[in-house]
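Please treat every number below as a calculation from the coordinates, not as lab data. Note that the coordinates shown come from a computational prediction; the quantities given were computed from them, not determined experimentally. Neighbour counts are summed over all protein chains in view; Cβ atoms, including those assigned to glycine, are modelled from backbone coordinates with ideal geometry.
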């Protein structure tokens, strides 16, 4: 293991014309003490040939072929073959700003163990970006600028997979890539939260995130349901649930029903509230919808909010802040 060497883990699958620019952006880094460990994940295009060509021209680049198809097995193989003490990831269709590795490494050298370095991200695309991507970029960068990533971990993944750097020991502490759970970046983020790792963000953009129709998050089955509610609820029960306090689900839509089913199957008691009078007194999964104002009569409730409409969420947060309680989480 090399104390200041940065190992860049790069899974590659049918990257097409995006792979060469990605590799060029790595070669152009101002920080020079790095190795690139690329794993071709059974590509059917020319990705393997591109990797071999770059590896032949630069001793810092090593490439392998995955023996078990899948992103997580590819990451495992890359990690096993890496030599650096500092570990970071890269996606095969994205770009690194020239100072990315230097910025993240500086954070790591200034801080002791148990920290994760990150920074701001920026989406780009050959076509117009959708409003949803712009909102996600703004949200991630807001969390980074306020050094407050875990405050909203149950809402969406607050730490993009290609934007972090951490020490090998810290990655091993949280199980590295042993988990088979998708999405792997969100699962890893929850494990960082569970084990008390600190996320420290630079105020600079450290990752350029390319949007295009072939992105895995758009096309791969594990990402089809982008709410990832089962993952969130599983970690909530494991990390934040306090059985001595009343647990409340707020929301009677699709997500609220899915959460109610999850909790009932786990035999976890809960109250179920909504703001639709037509549903009060009805219910399912052994629970009955109640007027949300019943929360005022509960002692220190924990509230999981599953209301999809963004314009309703500020009012809910204001109401819950007024009545107090043990905490509330938007999912």
- Using only Cα atoms, what Kirkwood radius does the range 25-144 have, in angstroms? 16.5 Å
- Note on the structure: To the nearest 10 degrees, the tilt of helix 313-323 (Cα long axis) against the first principal axis of the alpha carbons of the chain is 60 degrees
- For the range 2-223: span of alpha carbons on each principal axis (Å, largest first): 43, 42, 33
- Per-residue ellipticity at 222 nm attributable to helices in the chain (runs of n ≥ 4 DSSP H, -39500 (n - 2.57) apiece, nearest 500 deg cm²/dmol) works out to -9500 deg cm²/dmol
- Task: Among DSSP beta bridges whose residues both lie in the range 2-223, state the antiparallel percentage, nearest 5.
- Result: 20 percent
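Rounded to two decimals, what is Rg over Rh for the range 229-330 when you use alpha-carbon atoms and the Kirkwood radius? Don't skip to the answer; put the middle values down first.
Numbers: Rg = 12.4 Å, Rh = 13.6 Å.
Ratio of gyration radius to Kirkwood radius for the range 229-330: 0.92.
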- Query: What order, most packed first, do the peptides 318-326, 3-11, 34-42 have when packing is the mean number of other Cβ atoms within 10 Å of each residue?
  - Reply: 34-42, 3-11, 318-326
- Cα long-axis angle, helix 184-194 against the chain (0 to 90 degrees, to the nearest 10): 60 degrees
- Message: Looking at the range 229-330 only, what percent of DSSP beta bridges run antiparallel? Nearest 5 please.
- Response: 10 percent
- Item | Length released on extending from residue 276 to residue 2, taking residue separation times 0.36 nm less the Cα-Cα span | 92.7 nm
- Evaluate 2.2 N^0.38 Å with N set to the residue count of the range 85-173, then give the Cα radius of gyration divided by it. 1.14
- Task: For helix 47-57, report the angle its Cα long axis makes with the longest principal axis of the Cα atoms of the chain; keep it between 0 and 90° and round to the nearest 10°.
- Result: 50 degrees
- Task: Over the chain, calculate the relative contact order: mean separation of alpha carbon pairs under 8 Å at least 6 apart, over the residue count, as a percent.
- Result: 15 percent
